[in-house]
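Comments concern the structure below.
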Amino acid sequence: MLWLGLVGCGWLGSGSGDLDEVTPDRERPEQERERGGKRGKGRRGGGPGGDRFADEMERVSLQVGGHERSAFVHVPDAVRGGQKVPMVVMFHGGHGDGTSAARLWLDQFDEPYILVFPNGQDWKPEWSGWAPTDGDVAQHVKFVDALLDQLVRDYPVDPKRIYAAGFSDGAQMTFRLACMLDQRFAGFAMVAQTMKDDTVAACAPKTEKPILYITGTADPKNPADGRAAPEDDKVGRIGIEDTLRYWLDHNRCDAKKERDKDLPDLRGDATRVRERLFDSCKGAPLKFLVVEGGGHSWPSDQQKGGDHCSDISATDEVLGWWREQAGFGG
């Protein structure tokens, strides 16, 4: 497949101090950070039970570019004061919110690390995801940068062990972070997405970090060849293989030394998973889990049948990769 070298310029320096229009909400009442305090309602995609998920988490808010932004934060009882722990920042898909992302990590709520579920833009009710508005591809990146500052200040977070993962539109957001805020993260995981043209154009990572990429070959929202999906926002995109190659080139991996294997087929669906491992890299390694016949979903055993992959748990794969390659620990 033809690969065109695509370059762009980044807007962020090595830290967050040069950002403008970012004002953390330092004056919010203390009770807003308590469990069940000022919280979301599982809106726009949280679905039944969204309130319960929100009740189990704290809600933090801050002002970015004149807009109030927020995130749900889960701090397990296993985290003790004074001990710096890893933090996972998980980005929900389009038309969802932090509670929809939290559903994918419920079985990790008792583990000794902090989980953060940012809410997409909430000043446009018709869209609650991570699409840029007014053409500002870095808009949500600024929010995340400010959010990390606030969380590191207010919670026992190890700033060297912060990780980003995302599903669908949230994976596009994770690609942007890998492109424009890579210095603040130890590893990335993207599920059910390919890179959009505006993300590629703005991509100028300064570091090389371990990446786990999972996507299905039959995903109607992310066609393998990069064509815009029928109900897409009309922003062009590159295909699956070109997305993979972009990061192989950036991480300086020798694609000729790729190691492949088929993962066990549990026969609960119409999919098969093939692991493509690239660990002969001068930078950081990359693993690509190709879900043959897989559709637009987060692989797990919580549902069966059709193009949903139940052969693997994306959550377990993400954590396993970070533990092996990105210093997650535990």
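The values are calculated or read from the model by the stated rules, or taken from the named source; none is laboratory data. All figures in this text were calculated on a predicted structure; none of them were measured in a lab. Please note: Cβ atoms are built from the backbone with ideal geometry, for glycine as well, and neighbour counts cover all protein chains shown. Side chains included, ligands, DNA and RNA excluded: accessible areas come from the protein's heavy atoms. Shrake-Rupley method; radii C 1.70, N 1.55, O 1.52, S 1.80 Å.
Odds and ends about this structure:
- As a summary of the residue check, Ala171 satisfies the conditions (1) part of a loop (DSSP other than H, G, I, E, B); (2) open to solvent by less than 10 Å² (accessible area, probe 1.4 Å) except for the one numbered (1).
- With respect to (1) assigned to a strand (DSSP E or B); (2) over 17 Å from the mean Cα position of the chain (by Cα), the lone exception for Phe188 is condition (2).
- Leading residue by the ranking (nearest to the chain's Cα centre (by Cα)) among those in the stretch 274-330 that are within 20 Å of Ile114 (Cβ to Cβ) and either assigned to a loop (DSSP other than H, G, I, E, B) or polar (S, T, N, Q) (or both): Thr315
- Number of the condition not met by Arg176 [criteria: (1) among the charged types (D, E, K, R); (2) more than 15 Å from Gly93 (Cα to Cα); (3) touching a Ser or Thr at 6+ places or on another chain (Cβ under 9 Å)]: (2)
- Some residue of the stretch 97-105 being in a strand (DSSP E or B), out of contact with any Lys or Arg (no Cβ under 6 Å at 6 or more places or on another chain) and either open to solvent by less than 10 Å² (accessible area, probe 1.4 Å) or closer than 26 Å to Gly226 by Cβ (or both): no
- First in the stretch 255-284 and on the phi > 0 side of the Ramachandran plot, second anywhere and of a type in the set (Phe, Trp, Tyr) and open to solvent by less than 80 Å² (accessible area, probe 1.4 Å), Cβ under 8 Å, 6 or more apart: none
- When the stretch 125-152 is filtered for residues that are aliphatic (A, V, I, L, M) and under 14 Å from Arg69 (Cα atoms), the ones remaining, listed by number, are Val141, Val144, Ala146, Leu147, Leu148, Leu151.
- Residue check for Glu231: at pLDDT 95 or above and surrounded by fewer than 21 Cβ atoms within 10 Å (Cβ to Cβ): no
- Residue that is modelled with the lowest pLDDT [pool: residues in the stretch 266-284 that are more than 18 Å from Thr215 (Cβ to Cβ) and open to solvent by less than 90 Å² (accessible area, probe 1.4 Å)]: Gly268
- Figure legend. Inter-residue proximity from the stretch 181-203: first residues over 18 Å from Met90 (Cα atoms) and open to solvent by less than 10 Å² (accessible area, probe 1.4 Å), second residues modelled with pLDDT of 95 or more and among the hydroxyl-bearing types (Ser, Thr, Tyr), beta-carbon distance below 8 Å, spacing 6+ or different chains. Indicated pairs: Val200/Tyr246; Cys203/Tyr246.
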